[in-house]
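Shown next, in structure tokens, is the structure this report addresses.
The values are calculated or read from the model by the stated rules, or taken from the named source; none is laboratory data. Since the model is a prediction, treat every value here as computed from it, not as a measurement. Cβ coordinates were reconstructed from backbone atoms using ideal geometry, including for glycine residues, and neighbour counts include every protein chain displayed. What goes into the accessible areas is simple: the full protein's heavy atoms, side chains included, and nothing from ligands, DNA or RNA. Shrake-Rupley method; radii C 1.70, N 1.55, O 1.52, S 1.80 Å.
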Amino acid sequence: MLPPPYKIKVVEPIALAPAQRRRRAIIEAGFNTFLLHADDVFVDLLTDSGTGALSQEQRAAMELGDESYAGSRSFFRLEQAMRDVYGWRHLVPTHQGRGAEHLLSRALVRPGQLVPSNLYFTTSREHAELAGAVWVDVSIPEASDPESRHPFKGNIDVGKLRRLIVDAGREQIAFVRQEACLNMAGGQPFSLENLRAVRALTRELDVPFFLDGTRASENALFVKEREPGNEHRTVAEILREIASLADGAVFSSKKDHFVPIGGFAATDLEGVARRMRELVVVYEGFPHYGGMAGHDMEALAQGIREAADEETVRAYVGQARYLGARLEELGIPIVVPVGAHAVFLDAKRFLPQVPQAQFPAQALAAAIYVAGGVRTMERGIVSGQHGTDPYHGLELVRLTIPRRVYTREHLDYVAEVVERVHAQREDVPGLEMIYEPKELRFFQARFEPLQPFPAFELSESPEPELVPAG
Ligand code: P71
């Protein structure tokens with residue numbers, strides 16, 4: 001495989017905080033990696049959101065930002081890029097993905113209506129529910145099985161969706177949502193065949209169908225690699241077809257559009273676009289900038305074009321695959337197949353001694369930080385439990401790869417750190433939650449360990465030697 005199609009021009013120094021400092025930092029952070037100071041983090045795999053490296057073309061475009069309040073040239077360039085790559089008619093810009101989710105939910109949901117979706121995403125579900133909707137999971141069962149090698153775990157169970165719509169009545173459905181590279185399942189794609197079936201069904205039963213198009217580029221590459229008949233098509237062509245199969249989409253552009261901030265909703269439905277434009281002035285800003293500066297829109301317009309560049313997407317997906325292969329070699333339990341943007345550790349198998357009520361993924365993420373300054377994210381019961389409903393779902397730690405940021409040496413180091421924790425996994429204790437925020441609790445919840453937390457300073461494994469940059 002060819003190396004990535006870029007070289008490094010600007011660098012940002014990072015350093016491994018001493019072990020003592022890391023121990024203190026995780027205690028100060030309430031054993032929640034979201035609450036760590038970035039300066040205490042060495043390799044930051046918290047998220048791929050807003051953490052990618054800009055290209056020189058994006059930086060150059062930013063100089064051209066038109067900061068006009070209304071009628072900004074940068075907005076029209078953004079709209080053109082979206083139309084060229086995806087093809088929808090209307091674009092409503094927002095500050096990031098959840099701004100678009102808010103507008104879409106407010107435009108489409110009447111209280112009591114249902115939003116069927118493949119699994120859920122935290123902010124997407126929150127906004128649908130705040131608008132009065134009831135979220136219904138219509139993912140295929142393989143999505144929730146970390147050991148199933150199904151190539152398209154982002155598929156929707158079309159039979160289940162049909163029964164749901166028919167039983168509830170189509171007026172009871174606000175919209176159907178399908179997420180690309182299904183985040184909570186491990187970054188797992190949908191197939192074009194499945195998308196076409198969902199499109200046909202939603203047409204037949206006359207319900208709006210929206211994508212969460214975040215990470216659609218990687219989804220397009222998986223279609224090319226795994227779905228027969230697509231091997232000779234370009235990622236750009238597949239991306240365009242994906243977009244053509246939905247009434248519109250919301251995007252967090254902080255992922256595959258390579259920007260630190262930004263997002264949008266796009267649609268062909270005139271009435272929905274009009275309603276979102278009415279709402280955007282209340283919550284985000286004038287419809288010609290949403291929550292973005294002119295220079296943000298310039299970077300985004302260029303980022304959208306780069307998101308359709310096959311070699312760029314291939315290099316990115318290759319990094320997650322590389323890290324996943326290293327971890328599998330080491331016998332570490334991960335979600336298979338490796339998805340778009342991350343490797344997910346299966347905390348139920350990694351820490352079988354910690355019951356799910358004691359937050360094994362949260363504890364594992366804390367342990368990985370203490371062991372080597374590597375920051376990861378809990379994606380288990382803390383993120384997924386809904387109110388006081390019982391939760392027996394996936395219990396994962398996400399090692400998320402920022403785009404165009406880390407080298408293979410960094411990934412090798414990460415694998416080494418995870419191996420060190422794995423060697424001492426029996427010593428990792430469960431946690432108790434001592435502060436639980438009312439909304440999206442995972443962001444700011446605080447924990448205490450139920451037993452002393454190990455230091456992971458194995459005598460046979462000294463602080464790893466740092467390799468020179470490059
Ligand atoms: C990620 C994020 C950022 C995040 C958000 C919430 C909790 C933890 C981390 C954001 C997404 C996403 C999908 C599929 C909408 C959003 C919201 N992901 N849809 O994975 O993955 O976008 O953050 O720009 O508001 O770390 P936003």
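Ranking Tyr289, Gly303, Ala216 by Cα position along the charge dipole of the chain, where only Lys, Arg, Asp and Glu carry charges on their C-beta atoms, puts Tyr289 farthest toward the positive end. Spatial offset of the range 373-450 relative to the range 253-307 amounts to 31 Å, using the alpha carbon center of each. The value for the range 128-190 of Rg(Cα) / (2.2 N^0.38 Å) is 1.20. Can you tell me what share of the DSSP beta bridges in the chain is antiparallel? A percent to the nearest 5 is fine. So the antiparallel bridges in the chain amount to around 60 percent.
Cα axis of helix 235-244 to longest principal axis of the chain: angle in degrees, 0 to 90, nearest 10? Helix 235-244 sits roughly 50 degrees off the main axis of the chain. Ligands, DNA and RNA are left out, and with a 1.4 angstrom probe the accessible area of the chain is 41 Å² per residue.
With all protein chains in place and ligands, DNA and RNA left out, the 1.4 Å accessible area ranks Glu142, Glu171, Glu310 as Glu171, Glu142, Glu310, largest first.
Over the range 1-97, the fraction of Cα-Cα pairs per 5 Å bin, rounded to whole percents and listed from the shortest bin up, is 2, 9, 12, 15, 14, 12, 12, 12, 7, 4, 1.
For the Cα trace of the range 48-164, dividing Rg by the Kirkwood Rh returns an Rg/Rh value of 1.06.
At a 1.4 Å probe radius, which order do Val259, Val166 fall into by accessible area, largest first? Could you put the intermediate results ahead of the total?
Working: Val259 5, Val166 90 Å².
Of Val259, Val166, the descending order of accessible area is Val166, Val259.
In terms of accessible area, using a 1.4 Å probe and ignoring ligands and nucleic acids, Trp88, Trp135 rank largest first as Trp135, Trp88. Between the range 345-371 and the range 174-250, the alpha-carbon centres lie 32 Å apart.
Longest segment of the chain with no trypsin sites (Lys or Arg not before Pro) in a DSSP loop having at most 15 other Cβ atoms within 10 Å?
Within the chain, the longest run free of exposed trypsin sites (Lys or Arg not before Pro) spans 150-437.
Here the sum of -39500 (n - 2.57) over DSSP H runs of 4 or more residues, divided by the residues of the chain, equals -11500 deg cm²/dmol at 222 nm, to the nearest 500.
Considering every pair of different Cα atoms, what Kirkwood radius, in Å, is found for the range 290-420?
16.3
Whole-percent P(r), the chain, all Cα pairs, 10 Å bins from 0: 4, 21, 31, 27, 14, 3, 0. Using only Cα atoms, find the angle between the long axis of helix 270-283 and the longest principal axis of the chain, and express it within 0 to 90 degrees, rounded to the nearest 10. Long axis of 270-283 versus the principal axis of the chain: about 50 degrees.
On the principal axes of its alpha carbon atoms, the range 299-343 extends 42, 15, 15 Å, with the longest extent given first. Dipole magnitude for the range 90-241: about 300 debye, using +1 per Lys or Arg Cβ and -1 per Asp or Glu Cβ, origin at the Cα centre.
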